[in-house]
Structure formats: structure tokens, C-alpha cells
1. Would you mind working out the accessible area per residue for the chain, using a 1.4 Å probe, and quoting it in Å²?
2. In whole percent, how big is the carbon plus sulfur part of the accessible area of the stretch 2-209, probe 1.4 Å, protein atoms only?
3. State the answer as a single residue: which of 108, 141, 167 lies farthest towards the positive end of the charge dipole of the chain, with beta carbon charges of +1 for Lys and Arg and -1 for Asp and Glu, about the Cα centre.
4. Pairs of Cα atoms under 8 Å, at least six residues apart: use those to get the relative contact order of the stretch 216-272, whole percent.
5. For the chain, what is the charge dipole size about the Cα centre, in debye to the nearest 20, if Lys and Arg each add +1 at the Cβ and Asp and Glu each add -1 at the Cβ?
6. Multiply the residue gap between residue 158 and residue 130 by 0.36 nm, knock off their C-alpha separation, and tell me the result in nm, one decimal place.
7. Along each principal axis of its Cα atoms, how long is the chain end to end? Whole angstroms, biggest number first, please.
8. So which cysteines of the chain have no other cysteine's Cβ under 4.7 Å from theirs?
Amino acid sequence: MKQVKRRKKTLRTFVQIFFFIVIALITVNHALEEKGMATIPLFASASTHAVCPFGGVVTLGQLFTSGTFISKIHESSIVLMIAAFLIAILFGPAFCGWVCPFGTVQEFVGKIGKKIFGNRYNRILSPKIDRPLRFLRYVVLLWVLYSTTVTGKLIFADYDPYYALFNFWSGEVAISGIVILFIILLLSLLVERPFCKYACPYGALLGLFNLVRIFGIRRRDSSCINCKACDKACPMNITVSTAEKVRNHQCISCLKCTSEAACPVPRTVEFAGGGKEA
Ligand code: SF4
Ligand code: SF4
């Protein structure tokens with residue numbers, strides 16, 4: 001059983017590292033090409049915006065009203081946006097838990113935080129403060145959609161820590177983006193995925209798919225021994241132990257709570273379709 005658990009964990013880590021490297025190489029290649037420097041052979045060149053499905057979302061307003069894209073956004077973002085939406089209908093925000101390189105970076109910094117703060121890591125904020133803060137990302141989402149549509153510019157790029165992470169060395173990143181990146185990395189030592197939880201506009205949008213997703217986290221009450229291992233394992237602090245079907249808008253489909261990863265009772269927390277909601 002331990003071996004299966006390790007294999008599942010390794011698979012997600014492998015997928016996360018794979019996407020991190022691919023996105024990093026593509027965006028570095030783009031910056032090198034822009035500067036007229038030698039690029040990495042055999043590797044595509046595209047801006048961070050062109051390989052981000054959220055670029056497709058923010059350009060929709062302009063696309064519908066004038067038939068054009070926001071500057072720096074291309075068809076590729078629309079294709080990626082549709083693919084991410086289809087995956088989200090089936091599996092929820094798997095993009096956040098498995099693909100997004102900025103989620104991966106926060107998670108890896110969090111491993112250091114876990115070593116420093118032990119059991120207090122990711123449990124520092126009281127639920128009274130934490131719960132309402134989780135809705136802040138919807139405010140960010142509305143602001144980004146509104147300001148991008150009104151100005152026709154990628155306003156969020158100046159504040160986006162994901163963009164800053166991959167482009168800080170290029171001289172094209174606003175100081176606000178660098179500062180936010182630095183703050184998020186520091187916060188990641190205390191809280192798991194702080195940007196995903198409180199500020200990511202794309203995470204907010206994908207999080208809504210948790211309400212309608214076909215496959216999700218199901219808990220079998222009849223075999224549950226109420227040990228709360230699933231709650232402790234959840235990076236998003238979701239109380240899995242009281243749900244029959246997780247519909248929380250913050251779930252990132254990481255599968256860390258399942259019987260194949262955390263729950264000690266086989267076939268009690270599973271990733272499946274159907275089931276009663278709680
Ligand atoms: S641990 Fe389970 S409930 Fe928590 S985010 Fe991951 S899949 Fe969702
Ligand atoms: S880890 Fe499994 S047994 Fe423990 S509370 Fe969660 S569902 Fe129940």
C-alpha cells in the first residue's frame with residue numbers, strides 16, 4: 001500500500017516538474033528571441049501569456065465585442081482555455097493541482113515552511129479570518145476581467161507573480177509584479193499555496209467548476225474511522241472528513257486526501273463520479 005501511495009505522489013510531482021520545465025523553457029526562449037539572442041534549439045518560443053489559458057479568458061470580452069485579441073494574446077490561449085475548461089468539467093481544477101507552475105513553486109517553498117513550522121504550518125490563520133479571505137480571489141477575477149476589457153491591455157501582467165517568476169530576468173516585469181512574487185514566496189513558508197487560496201483570478205474561475213464537475217472526491221461514511229487524516233492532508237484546508245462529495249470551490253484535485261495518499265482505510269476517500277453531496 002505504501003508503495004502505491006508513493007507512486008501516486010511521485011506521478012503528480014513528475015507531472016508538475018514536467019510542466020514547470022516546459023513552460024520555463026518556452027518563455028525563456030521567447031525572451032531570448034525578443035532580444036535577438038540565440039534561442040534553445042528544438043524548443044518552441046511563445047510568451048508567458050501565449051501559453052497561459054487565462055489569457056484566453058481575459059480576451060473574451062474584446063473578442064466578442066470587436067472580434068480582436070487583447071495585445072500579446074493569441075489563438076493558442078483560446079485553445080488552452082477551452083482544453084482547461086473541458087478538463088475542469090470532468091475533473092475540476094486539475095490545472096491548478098497538476099499543471100500550473102506557480103502552484104508548483106508555492107508547493108515546493110511550502111515544503112521548507114513545513115520543516116520550519118511543523119504542525120503550525122498552513123494552520124496559522126483562524127477560520128474566521130481565513131474563510132472570508134478565500135473569496136477575495138473572485139474580487140480579483142472581476143477586477144481583472146473588467147479592467148482588461150475596458151483598457152484592452154493585460155493589466156494583470158503588472159501584478160501577476162506567475163508572469164514575474166518566469167520573466168523577472170528579462171527587464172519587462174513591473175516592480176509591482178516582483179514585489180508581489182516576493183511576498184507570495186514568503187507567505188508560502190507559512191500557508192500552502194497562498195496565491196491560489198486568496199488571490200489567483202484563474203483559480204477562482206476554475207474553482208467554480210467544483211460545483212458541477214463529473215469526477216471528484218467521494219468519501220464513504222460507512223468505512224470512515226474519523227481519524228481526520230484526509231483533513232490534515234488537504235493543502236486547501238478542506239474538511240474532507242465531513243463531506244460525502246467534496247464540492248468546495250477551493251479543491252484543486254490534487255488527490256492528496258484519497259485512500260491512495262492519506263486516508264488509512266482502503267476505498268474510503270476516492271476520486272470517482274456519482275455519490276451523494278454533503
Ligand atoms: S486534498 Fe482532496 S479535497 Fe483537498 S484539494 Fe486535494 S483533492 Fe481537493
Ligand atoms: S482519512 Fe479516511 S478514515 Fe480518516 S477521517 Fe478521512 S475519510 Fe475518515
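1. Numbers: 14240 Å² over 278 residues.
Normalised by residue count, the accessible surface of the chain is 51 Å².
2. Values: 7980 of 10960 Å².
So the carbon and sulfur contribution to the accessible surface is 73 percent.
3. Towards the positive end, the residue furthest out is 108.
4. With pairs under 8 Å counted, the relative contact order is 47 percent.
5. Values: 32 positive and 15 negative charges, 314 e Å.
Around 1500 debye, computed over the chain.
6. 7.5 nm
7. Over the chain, Cα extents along the principal axes are 60, 40, 39 Å.
8. For the chain, the answer is 52, 96, 100, 196, 200, 224, 227, 234, 251, 254, 263, because their Cβ atoms have no other cysteine Cβ under 4.7 Å.
The values are calculated or read from the model by the stated rules, or taken from the named source; none is laboratory data. Every value quoted in this text rests on a predicted model; they were computed, and no experiment measured them. Virtual Cβ from ideal backbone geometry, glycine too; neighbours counted across all protein chains shown. SASA here: full protein model, heavy atoms, side chains in, ligands and nucleic acids out. Shrake-Rupley method; radii C 1.70, N 1.55, O 1.52, S 1.80 Å.
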